[in-house]
Amino acid sequence: MSEKVLKEAIEKAQREIDKMKNVTSEGVHRQKYHFMAQTGWINDPNGLIFYKGKYHFFYQYNPYGSFWDYMHWGHAVSDDMLSWEYLPVALAPSEDYDNHPKGGCFSGSAVVHDDKLWLIYTGTAYDGKGYVQTQNAAYSEDGITFKKYEGNPLIKAPEGVPGDLFRDPYVWKHGDSFYMVLGAGRNGMAQALLYRSENLTKWEFVNVLAQSRGEWGFMWECPSLFELDGKYVLSVSPMGAGERTCVYMVGDFSYETGIFVPQYTGEIDWGFHYYAPQPFKDEKGRTIMAAWANCWDWMPFFKDWGPTYKENWCGFYNIPRVVTLNEDMTLSMKPIEEIEAARHDGKVQENISVKDSLDIVKGYCYDAEMEIDLDRTDAESFTLILRRDGCFKTAVTYDLKAQEIRFDLTDSDGWSSGVARAPLYLEDSTKLDIRILSDRSSIELFNDEYRTNMSCNVYTVGEDEDNLLKVEKGQVYISSLRAYQLG
Ligand code: FRU
């Protein structure tokens, strides 16, 4: 019976997608090389995995409109994470434990077991008052059609954890066991809970892996734990921690105690539009992170979700990034090298002293990298004027004196607003590296060897924008500038 309900729900969603996808594809704000759904709303990346020779991205998905609602899991596969083939919707609400009319199948992750692809996700049920979140499983023999596990729900909220603060399972295998980290809140403090299983269906609670003492909010959405060069990284998307909405902690973790001890804390991205990142390891051994390039209405800098809803869609993912650990315990997050193969029409300039302004590149779809020689720079600040078109422009100021980057969206597109800020650590530096990845509806900035990154959505309709570097006083010395068209 329930298999039938699921099948019908998926077929209905597919009919809606087929009806809308051609009109949606005409949208002038559609991205050229970032991951999007064919139509409808998307948020968090779910179940990212390299499986049977392909990258699989699942995603929080509402195929019925361009705003968040009744959550499904969309599904797409790719060879390079730049161009995508869409597969049928993988999960749709169909059971008592996952069919809350304002909920559905919430975020989760994917893992291979017994030659099957398993999706472990949060179901949201309605109990007459609010949300009841539980952890559930679905599995597939072919990686395309999924069956919900008959014994769902697998895990219910423990004592003291409210039913609506218990979600987003991230599962991985270690030795012969599976582990799960879950986002939760207890007594007003965010927690990451650790569970263990031998078979993915019977789970035991291990420990509170880590928790906020007040500084990191009341709930951690979409937590993940992964190993990098002998250290462990806990990444969380905190609710209630002000503008800090995607945090990483580097530290030590013991499988025996189930406790993570943080030693260094950083921000994965300082822009307005980067949330709920999920990491996975690919066959090349890379740890790759993809995130939802948008924000929620509870965030202090939220304005709205942008103008794309008029084109029947909303949401895309930031360019996937390869995560590496530096000696100082910071993380670097560099866009996947696949993007470099998509570059064309490159222009290289070297040893330029800029006293007024310098053209970087033309257009809206590009990849530009520059290195600034700080020893030969005496300006106290300079500004990247990006995507200037008529009265529109996005201004990114590098304040070398105050050691801060200010990403100003005030005049970007007649839609966006606000100034995103990030710290610059320049004390002993002799150079500053900057990379700009621009697409039709986004600008991603990478600085300081990919340690300090900022993603903001900027909506373009023009084709021929100017992008330049401007100096008001003094000089900026650029040792190299390489700019390429993309898409
Ligand atoms: C994070 C989140 C998750 C939840 C999902 C619902 O963006 O709120 O905690 O599972 O989105 O779509």
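From largest to smallest, what semi-axes in whole angstrom does segment 224-336 give when each is the square root of 5 times an eigenvalue of its alpha carbon gyration tensor? If you can, show how the numbers build up before the last one.
On the way: eigenvalues 154, 57, 26 Å².
Largest first, segment 224-336 gives 28, 17, 11 Å.
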Taking the alpha-carbon centroid of each part, what is the distance from segment 184-201 to segment 386-462 in angstrom?
36
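What accessible area per residue, rounded to a whole number of Å², is obtained for the chain using a probe radius of 1.4 Å?
39
How would you classify segment 223-285 from its alpha-carbon gyration tensor, with a ≥ b ≥ c the square roots of the eigenvalues: rounded for a/c under 1.5, else prolate if a/b is greater than b/c, otherwise oblate? If you can, show how the numbers build up before the last one.
Numbers: a/c = 2.23, a/b = 1.36, b/c = 1.64.
In terms of gyration-tensor shape, oblate.
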Against the rule of thumb 2.2 N^0.38 Å, how large the Cα Rg of segment 145-205 comes out:
1.19
Under a point spin-label approximation (7 Å from Cα along Cα-to-Cβ), what is the residue 429-residue 79 distance to one decimal in nm?
3.8
In whole angstrom, how far apart do the alpha carbon centroids of segment 318-364 and segment 77-136 sit?
35
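Rounded to a whole number, what is D in µm²/s for segment 273-346 from Stokes-Einstein with the Kirkwood radius over alpha-carbon pairs (4 °C, 1.567 mPa s)?
Numbers: Rh = 14.6 Å.
The calculation lands on 89 µm²/s.
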Using the eigenvalues of the Cα gyration tensor, what equivalent ellipsoid semi-axes result for segment 176-286 when each is taken as the square root of five times the eigenvalue, whole Å, largest first?
22, 18, 13
Cα-based helix-to-principal-axis angle, 2-25 vs the chain, degrees rounded to 10:
20
Which of the trypsin sites (Lys or Arg not before Pro) found in segment 29-103 are loop residues per DSSP with 12 or fewer other Cβ atoms within 10 Å of their Cβ?
52, 102
Under unit Cβ charges (Lys, Arg +1; Asp, Glu -1), what dipole magnitude, rounded to 20 debye, does the chain have relative to its Cα centre?
880
Label-point separation, residue 362 to residue 254 (7 Å along Cα→Cβ), nm
6.3
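With 18 Å as the limit, write out which pairs from 393/470; 7/147; 52/281; 21/54; 54/147 have Cα-Cα distances beyond it, or answer none. Walk me through the numbers on the way to the answer.
Numbers: 393/470 13 Å; 7/147 9 Å; 52/281 14 Å; 21/54 23 Å; 54/147 21 Å.
Long pairs (Cα-Cα over 18 Å): 21/54; 54/147.
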Along the three principal axes, how long is segment 87-129 when you take its alpha carbons, biggest first, rounded to the nearest angstrom?
39, 20, 15
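In the chain, carbon and sulfur make up what percent of the accessible area (probe 1.4 Å)?
Working: 9000 of 18980 Å².
The computed percentage sits at 47.
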Which FRET efficiency value, to the nearest 0.05, is calculated for residue 102 and residue 340 with the Förster distance at 35 angstrom and r the Cβ-Cβ distance?
0.25
What Kirkwood hydrodynamic radius do you get for segment 8-167 when you take the inverse of the mean 1/r over all pairs of distinct Cα atoms, in Å?
16.1
Direction-averaged shadow area of the convex hull around the Cα atoms of segment 415-479, nm²?
6.0
Please provide three numbers in whole Å: the alpha-carbon extents of segment 350-463 along the principal axes, with the largest listed first.
40, 26, 22
Which value in Å is the Kirkwood Rh of segment 86-180 over different Cα pairs?
13.8
Over all Cα pairs of the chain, the Kirkwood radius sets Rh, and Rg/Rh then becomes 0.97
Could you order peptides 198-208, 273-283, 428-438 by the average number of other Cβ atoms within 10 Å of their residues, highest first?
273-283, 428-438, 198-208
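List, in the order given, every pair from 129/202; 19/303; 148/284; 401/431; 148/173; 19/310 whose Cα-Cα distance in the structure shown is over 25 Å. Mind dumping the intermediate values first?
Details: 129/202 28 Å; 19/303 30 Å; 148/284 31 Å; 401/431 14 Å; 148/173 21 Å; 19/310 16 Å.
Where the Cα-Cα span goes over 25 Å, the pairs concerned are 129/202; 19/303; 148/284.
I need the shape label for segment 372-427. Rule: rounded when a/c is under 1.5, else prolate if a/b > b/c, else oblate, with a, b, c from the alpha carbon gyration tensor.
Values: a/c = 3.89, a/b = 1.88, b/c = 2.07.
Because a/c hits 1.5 or more and a/b fails to exceed b/c, segment 372-427 counts as oblate.
To the nearest 0.05, what FRET efficiency results for residue 95 and residue 15 with a Förster distance of 25 Å applied to their C-beta separation? Don't jump to the answer; show the numbers that get you there.
Working: r = 21 Å, r/R0 = 0.85.
For R0 = 25 Å, the calculated efficiency reads 0.70.
The values are calculated or read from the model by the stated rules, or taken from the named source; none is laboratory data. What you see is a predicted model, and the numbers here were worked out from it, not measured in a lab. Cβ atoms come from the backbone with ideal geometry, glycine included; neighbour counts cover every protein chain shown. Quick note on the areas: whole protein, heavy atoms, side chains included, nothing else; ligands and nucleic acids left out. Shrake-Rupley method; radii C 1.70, N 1.55, O 1.52, S 1.80 Å.
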